[in-house]
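Worksheet for the structure shown next.
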Amino acid sequence: FDARGSEIRAIAAELGGYVSSGESHIEEYDENRYAVGWFTLRIPSDRFDDAVARVEGLGERVSSSLSSQDVSDQYVDLEGRLKYWRQQEAFYTGLLAEAQDIDDLVAIQVQMQDVLLNIEQIEGQLQYLDGRTSFATLTVGLTEVPDVVAPIVEPETDPGPIEEAFDQAGEVLLATVAFLIVAAAVIIPIGILVLIAWLIVRLFTPRRKDQPAEG
């Protein structure tokens, strides 16, 4: 990610432009950390297509959009206003040269300050539009591809004859244990019933008294 950012700055500089702003941060998704960010480039209008082609060559393009704005009417309007205030400046400059009274000089200077302020504001707007028309804006977004580690799958191996013998012995042992458990589940209840029946018979059968021996 850092290497691509350096290449973007180099592209802007080589084409006569510059990086006006940029930002980057780290995001995390599904236990993977990766960098994302964006750069805003100011490129000379006649080199804009070259900049787009070179930036797209740095990685895989996911999406792109292009927009433009016509500022011709705004530019013409500002030039007309600037011409008017230039005429006002010349007018008040002539009054200052002819003024004899101090009060007149102060009043003319106040008006002249307003005129010069309007001229300065309009010239600043014209310079801004000149910059927008001579330089194009290119915003580049970067997303680092996270490294995804594939799970390790152990290869299957054929068991040897000894392992097969142990497996078969284990299966026989499990079958024997299962049979004994089933047999115990059947035999134990029968034994309990026989014991209960014997106790009942013993309880209700009268005991035979021993007769005294004859003398």
Of the residues in segment 109-135, those that are without any contact (Cβ under 8 Å) to a residue 40 or more places away in the chain and among the β-branched types (V, I, T) number 3
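How many residues does segment 5-55 hold that are hydroxyl-bearing (S, T, Y) and either under 19 Å from the mean Cα position of the chain (by Cα) or part of a helix (DSSP H, G or I) (or both)?
The number of residues fulfilling the criteria is 6.
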Between a first residue in segment 82-103 that is assigned by TED's automatic domain parsing to the domain that holds Q127 and a second residue that is surrounded by fewer than 13 Cβ atoms within 10 Å (Cβ to Cβ) and at pLDDT 95 or above, which pairs have beta carbons less than 6 Å apart while being 6 or more apart in sequence or on different chains? none
If you go through segment 126-147 one residue at a time, do you hit one that is of a type in the set (A, V, I, L, M, F, W, C), at pLDDT below 90, surrounded by fewer than 13 Cβ atoms within 10 Å (Cβ to Cβ) and under 30 Å from W38 (Cβ atoms)? yes
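The values are calculated or read from the model by the stated rules, or taken from the named source; none is laboratory data. Worth saying up front: this structure is predicted, and the values here are computed from it rather than measured. Cβ atoms come from the backbone with ideal geometry, glycine included; neighbour counts cover every protein chain shown.
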